[in-house]
Amino acid sequence: YNRAIPNTSSDKTMTMTTSPLALFALFGHGCLFVNAFGGLSTFQVTQTYTRTREFGHPLQSRLPALPRTQLFATAVDAPPTTSKDKYDNLIQWFLSSNEKSYISPKVDIRPSTRGGLATGGYGTFASDDLPKGELLLRIPRDCCVTLDDALNDMECGPAFQKLMEQAGPGSDTVVIAGYLAKEYLLLKEYDRRLKAGEKADDNAEMRRLSKIKFAPYLRTLPWERGVNAQEHVLFWEDGDVDSLLKGSLAYDDAVETRSTVKFATKILDGLIGPIIRKARGEKDEAEEEEGFRFPWQSKEEEKPSDEDEILDGLEEAVRGAFVISLSRAFAAPSGANDGKEEDRLEPVLDMLQHSNTPNISHKCAEDGSIEVTAGTDIKSGDELFNQYRGEEDLNMPYHKFFTRFGFVPGVTEPVANLIAERSTIFFPQRAEV
């Protein structure tokens, strides 16, 4: 079971002068999206993993008993008002979503020791002693966001499938990001309507919005800078990238990544824009008159669209979706049992913080579930840690670790300070003669 890592070994280079369909083949050198979820360099199967969060008592003992229902069975709750509510709702949803879902009563979510409330970050902790090998989490595949969720989506599945046929290898990155962005924007519309006084069963549209599959999980993800202490170059302003990173080892990666996401946003506007506009009650005259078309399939008389025509909120949603995918995606055996790997977002497991000396282990069970166990004897109160990538890995130097995950491992000093001081992590130094 492996955390997906970008392939940095290729020396191929391409430019944005290629056709739109070549977007997903652009990322051989330096860029992170050759296939941001799968098909990249990965962890060893036996490697451990981490991130954490809690509030002081075993999560299961603080939650009401719920029947083991399907993911779609319960209406989406109103948006939580506190971090505690947000993570309690996540655990409640997770435990009720599948008969095989499991979280040990000895595992809690609370502010992480890696900054904690000072940074807004959360992590997972042992609330009791955990002997080596004890089962901590079991995450069924049905609880994970996968490519299948996007391709089987009733609203955009056919369009996503067509995009993959047109674009080829690597397009699954954009498809999953598009699916995440669509669901997030629909969830925001649902919250807006609730705030305006509507109820989940008022009409057909509200009933549809109330059944968003991964809603409690989506509410915990870092859609904006600073949520759960998430930093990432995709959240920066263009001027900041130039003023802070130009001349650094991270600059090319940052610029190419940001350009890619901007281009993907234009493509996704044609795929998910009509769905969101309809949910908002906005007219989509082009869709009504001509049906669905990809952005590059415009008619001769049609003028090229400009950035002002992009769906309101889409740029932020797609940017957040890519940050989530880059910083949290895992590669695991495919559900098709074909010997291949697939890309997953794994609720709860993706909360574990990184350490180069992890204290948990995980493996993929025969049924496709991910089982997380104590990798060593863990004392009560200790935070659980996973390893995103070995810090000595030459294919993932620190500056690439930063552009991928949004932080520099093992360094507590703010990245802004490292850049201002022209740290060798970011800036190459000439050897003295």
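Against the criterion of solvent-accessible heavy-atom surface with a 1.4 angstrom probe, MET154, MET351 sort, most first, into MET154, MET351. The residues VAL318, VAL227, sorted by heavy-atom accessible surface at 1.4 Å with ligands and nucleic acids left out, run VAL227, VAL318 from largest to smallest. Length available on full extension from SER243 to GLU99: 0.36 nm per residue minus the Cα-Cα distance, which gives 46.7 nm. Is the shape of segment 334-403 best called rounded, prolate or oblate, per the rule: a/c under 1.5 gives rounded, else a/b larger than b/c gives prolate, else oblate, with a ≥ b ≥ c the square roots of the Cα gyration tensor eigenvalues? Oblate, because a/c is 1.5 or more while a/b does not exceed b/c. Relative contact order of segment 77-204, taken over Cα pairs closer than 8 Å and 6 or more residues apart, is 18 percent.
Can you tell me how much longer the chain between GLN166 and ASN356 gets when fully stretched, taken as 0.36 nm per residue apart minus their C-alpha distance, in nm with one decimal?
Numbers: separation 190, 0.36 × 190 = 68.40 nm, distance 4.02 nm.
That pair, GLN166 and ASN356, stretches by 64.4 nm at full extension.
Exposure check, 1.4 Å probe, all protein chains in place: LEU244 carries approximately 60 Å² of accessible surface. Once you order the gyration tensor axes a ≥ b ≥ c over the Cα atoms, which shape class does segment 143-259 get: rounded for a/c under 1.5, otherwise prolate or oblate by comparing a/b with b/c? Oblate. Available extension along the chain between ASN152 and ALA78 is 24.0 nm, counting 0.36 nm per residue and deducting the alpha carbon span. The listed residues ARG110, ARG344, ARG193, ARG422, once ranked by accessible area (1.4 Å probe) with the largest placed first, stand as ARG422, ARG110, ARG193, ARG344.
Each residue of segment 137-179 gets 73 Å³ once the volume of the Cα convex hull is shared out per residue. The ARG225 and LYS262 beta-carbon pair, evaluated with R₀ = 22 Å, returns a calculated FRET efficiency of approximately 0.85.
The values are calculated or read from the model by the stated rules, or taken from the named source; none is laboratory data. All of these numbers come straight from a predicted model, not from anything done at the bench. Every residue, glycine as well, gets a Cβ built from its backbone with ideal geometry; the counts of neighbours run over all protein chains shown. When the accessible area is computed, the model is the full protein with side chains, heavy atoms only, and any ligands, DNA or RNA have been set aside. Shrake-Rupley method; radii C 1.70, N 1.55, O 1.52, S 1.80 Å.
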